[in-house]
Amino acid sequence: MRTLRWEGVSKYWPAPGGEGVPAVLDVDLAVNAGEFVALIGPSGCGKTTLLEIAAGLESPTSGCVTLDGKAIDGPGPDRTLVFQEHHLFPWLRVRSNVAFGLRFAGLSRSDRKKRVDGLLSAVGLAGVADKLPPQLSGGMRQRVALARALAVGPEVLLLDEPFAALDFQTRILMQRYLLAVWQRFGTTMVFVTHQVDEALLLADRVALVSAGPGRLLEEIAIDLPRPRDPADPRFLKLRAQLTSHLEREVMAAADEGMGELLLPAEESEHGIEAHERVF
Amino acid sequence: MCVAGAYGLGSWAVVIALWELAARWGWLKESIFPPPSHFLSYLINDGIQIGVGPDAPTLVDATLATFARVGAGLAIGIVAATAIGVTASVIPPARRAVMPIVRVLAPVAPIAWIPLGLSLFGIGDGTAVFIVTLGVVFTLTVATVAAIDDVNPELLKTARSLGSNSVHLWANVILPAAAPQVFTMVRLNFFAAWMAVLAAEMVGLRSGLGAAIIIGREQFNADLVLIGIMVIGLCGFAADSLLVLIQKRVLWWGKQS
């Protein structure tokens, strides 16, 4: 099994004077080949950092990420990234955007074209292959970004809140596309989100990351058949469980930044007095 | 575009009509400030030679000479600014060494390089190209470095994750992403370069469009002076329109990346 594994990964961002600001601390996580894992946690908990280390774009301060037992020391076509923003190259037509990573794959021109055409029709974009990114809707652009990331034939797709900037309807459509892609290509998926429902609809397993610095708090297997029904009582139970854990972390992350009004009840009396005194 | 064009022609028609009327009514002295009907007919009837003798250049020669000087200077300036800007962005010590020099020289007006150009290259095209090049290269270098700094880091991460190595990244992502911003600066610098060449032609080179105006003055030929002004204005306008067209049609993604 070609497992993607974070082994004791910590990352400190350099800070003047001290040892640095910790972004993630001592994360151990294994994602099996073909598995769909969602990373969920409050904003600023280091989820993105975990992805970028796996992508080889950042190096961990300690620990390592391995794919099939081999340590990752740089970007590679076996792991590609999709961001919240589509980051298409606006000066390239849709077709050339999808083909961007293929220049390095050593394929013949006709093989490249065949692969690009195949991917574009898989995500329903065959008709816009010769358009430029600004001529597309938000959902279409994100589908192009998905096709571009898949074109190099990655074993692992690293998705950093890929649908967070889309409207509700488009997001539901994109989730369907992603599941279809996963089922068809068998790509391992690591999906960062801060939406509990999205994680529960998509993933085999949800990993909860603590408020920053990020630590892995728990892993919850989502053992429900697909397509998943958000009204299923088991879904609702998992949702309630995950939501309360996430809320606890969100409050921990916000603890010092939100002011007295959001403190727990026993402490808030003082807060209200303070509030009244102000006026 | 068409409506704006119609307005532009309309307001020029009004200005020319008023000018023409003012001359007819005797408010303007014809030998100093001749009306368009006078100097335009001079342009149509006589063709124009700047200066005297069989070798005196025509107006077309003068216009082409000025454009060639501005074009060559801008081209050298753009290539040099890109080279310096990329080097400064790739090698941090080079940036620390070069940028203080560039930032001190950038505010120097192109016209200020005329005396130095004349003493280095004498009277000729070399001086004009030197002035334009020095007049634009430093501002363009500052703009290039800023545009490269502004390239979205996630765009670079995307490209690297897709396998882009550093040479490929520069050629296919960073430079295209930075190009529209640099080109805006080229457009702004074009006028400075244009004016510097005209000034150099007036004070030293004795050829080109700028010289036409000075020669017209020396020969008490007000028609030549006004034709010179008109051609300079129209050529500058045409060149700027071309740059705007390039900006919109070729480097259109400025606000998209």
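A few remarks follow.
- Between helix B:36-46 and chain B: long-axis angle, C-alpha atoms, 0 to 90°, nearest 10: 90
- Most mobile listed residue (B:R24, B:R217, B:R206) in chain B, GNM with C-alpha springs under 10 Å: B:R24
- In plain terms, chain A is cut at each of the GluC sites (Glu not before Pro) found in a DSSP loop with at most 11 other Cβ atoms within 10 Å, and the longest leftover piece is A:20-255.
- Only the Cβ atoms of Lys and Arg (+1) and of Asp and Glu (-1) were treated as charged; on that basis the dipole of the protein assembly as shown about its Cα centre amounts to roughly 1980 debye.
- For the options B:I246, B:I174, B:I232, a Gaussian network treatment of chain B with springs between C-alpha atoms closer than 10 Å singles out B:I246 as fluctuating the most.
- Chain B - charge dipole about Cα centre, Lys and Arg +1 at Cβ, Asp and Glu -1, debye rounded to 20: 920
- Beta-bridge orientation, the protein assembly as shown: approximately 50 percent antiparallel, per DSSP, counting only bridges with both partners inside.
- Calculated FRET efficiency for the pair B:E218/B:L188, C-beta based, R₀ 41 Å, to 0.05: 0.75
- More than 14 Å apart - percent of Cα-Cα pairs taken over segment A:91-151: 47
- Here segment A:29-168 is assigned +1 on the Cβ of each Lys and Arg and -1 on the Cβ of each Asp and Glu. Its dipole about the Cα centre then comes out at about 760 debye.
- Kyte-Doolittle mean at least -0.5 and Cα axial length at least 15 Å: DSSP H helices in chain A: A:138-151, A:168-185, A:233-254
- Length added when fully stretched, B:E154-B:W27, from 0.36 nm per residue minus Cα-Cα: 39.2 nm
- Cα-based helix-to-principal-axis angle, B:222-249 vs chain B, degrees rounded to 10: 30
- Cα-based equivalent ellipsoid, segment A:111-200: semi-axes from gyration tensor eigenvalues, Å: 21, 17, 10
- For segment B:1-118, fraction of C-alpha pairs farther apart than 26 Å, in %: 58
- Cα pair distances in chain A, grouped into 10 Å bins until the bin that holds the longest one, percent each: 6, 26, 31, 22, 10, 3, 1, 0
- For A:V209, residues with placed amide H under 5 Å, excluding near neighbours: A:I40, A:G41, A:L217
- Likely footprinting exposure, A:V24, B:V129, fewest C-beta neighbours within 10 Å first: B:V129, A:V24
- Candidates A:P230, A:P75, A:P16, ranked by Gaussian network fluctuation over chain A, Cα under 10 Å, top entry: A:P16
- Mean shadow area of segment B:57-250 over all directions, Cα convex hull, nm²: 12.1
- Spin-label pair A:M251-A:S137: with each label point 7 Å from Cα along the Cα-Cβ axis, the two points sit 4.0 nm from one another.
- Of interest is the spacing of the C-alpha centroids, which for segment A:41-59 and segment B:178-257 amounts to 51 Å.
A short reminder: the numbers here are calculations on the coordinates, not readings from a lab. Everything quoted here is computed from the prediction, not taken from an experiment. We place every Cβ from the backbone using ideal geometry, glycine too, and count neighbours over all the protein chains shown.
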